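Below is one structure, written out as structure tokens, with a few remarks after it.
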Amino acid sequence: MNNYLIIAAAVLGLILLAIWHAKNYAYICKSCSHKFSLSAVQDFYSPQGLTAKYAKCPNCHQWTWAEVVDK
């Protein structure tokens, strides 16, 4: 029973972290320098590096390691 509570708490924590991150951070495309945001779902599933996220730019439609910046 305790293991399920720990797993549920960890999943809830990750979801809340993704929502917070999507609200507070944007990304800059390395191909066209367009600044864009991701939804919480996209933010959760996209690969994340230390200072970049692999995402598709809505402006130039290129997949790139977009730089993370404050909104």
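Values computed for the structure shown
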read-out	value
Scope the range 35-56; condition open to solvent by less than 50 Å² (accessible area, probe 1.4 Å), within 21 Å of GLY13 (Cβ to Cβ) and touching a helix residue (DSSP H, G or I) at 6+ places or on another chain (Cβ under 8 Å); matching residues	LEU38, ALA40, ASP43, LYS53
Inter-residue pairs, beta-carbon under 6 Å, first free of Cβ contacts under 8 Å to residues at least 60 places away in the same chain and in the range 20-36, second in a helix (DSSP H, G or I) and open to solvent by less than 70 Å² (accessible area, probe 1.4 Å), 6+ apart	HIS21/ASP43; ALA22/ALA40; ALA22/ASP43
Members of the range 20-34 that are open to solvent by less than 100 Å² (accessible area, probe 1.4 Å) and out of contact with any Asp or Glu (no Cβ under 8 Å at 6 or more places or on another chain)	CYS29, SER31, CYS32, SER33, HIS34
Matching residues, the range 57-71, being in contact (Cβ under 8 Å) with a residue 24 or more places away in the chain and open to solvent by 80 Å² or more (accessible area, probe 1.4 Å)	ASN59, GLN62, TRP65, GLU67, ASP70, LYS71
Filter result (assigned to a strand (DSSP E or B) and either within 16 Å of ALA18 (Cβ to Cβ) or of a type in the set (S, T, N, Q) (or both)) within the range 31-65	GLN48, LYS53, TYR54, ALA55, THR64
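The values are calculated or read from the model by the stated rules, or taken from the named source; none is laboratory data. No experiment lies behind these values; they were computed from the predicted model shown. Cβ: placed from backbone, ideal geometry, glycine included. Neighbour counts: every protein chain shown. The area values use the complete protein model at the heavy-atom level, side chains included, leaving out ligands, DNA and RNA. Shrake-Rupley method; radii C 1.70, N 1.55, O 1.52, S 1.80 Å.
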